[in-house]
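Derivation of every value follows stated rules applied to the coordinates shown; laboratory data play no part. These numbers come from a predicted model, not from an experiment.
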Amino acid sequence: MSTFLLRFTLLPLLAFLLLTNCTRRARPSTAPVAATARPPESPTPASAARDLADVMATDLQLTPEQTSQVRTILNRTVQEANAAKAKYPPQSSGLLTELKRINADSQKGLLAVLGPVKFKQLRANQRKMAEEMQQRQK
């Protein structure tokens, strides 16, 4: 009689446990998905300057000398921006002020290298270039 009770008591319990474990595995995971975008406060990779210079060289039809000078300006910009991000807390007014200064210096340098016509073309094509940069990072 005890074997009979054990068999009929344990079998449904075992079936229940197996079914609940299987259904747990079949459910879609609710684990958070890792972000694919780089947070703004993280350092900008050095390759970004090179890639942007390449995109600019193609879109603006730059000479090799201009491309080299643009790459130098962009490398310096990335280094200074990363140093500022390391120095100031994220989204602080100090960081914002420093990044604006770095950007202004970079724009002045690019204007000097590209000249007013190509610089205007750069400003007009910035959105397109940003999309190309995003495609390169994928």
* Net lengthening on full extension, Glu65/Ala112 (0.36 nm per residue, minus Cα-Cα) -> 15.6 nm
* Net lengthening on full extension, Asn125/Thr58 (0.36 nm per residue, minus Cα-Cα) -> 22.9 nm
* Structure fact -> Straight-line reach check, Lys118, cutoff 18 Å on alpha carbons, 8 or more apart in-chain or any other chain, hits among aspartates and glutamates -> Asp54, Asp59, Glu65, Asp105
* For Asn82 and Thr44, compute 0.36 nm times the residue count separating them, minus their Cα-Cα distance, and round to one decimal in nm. => 13.0 nm
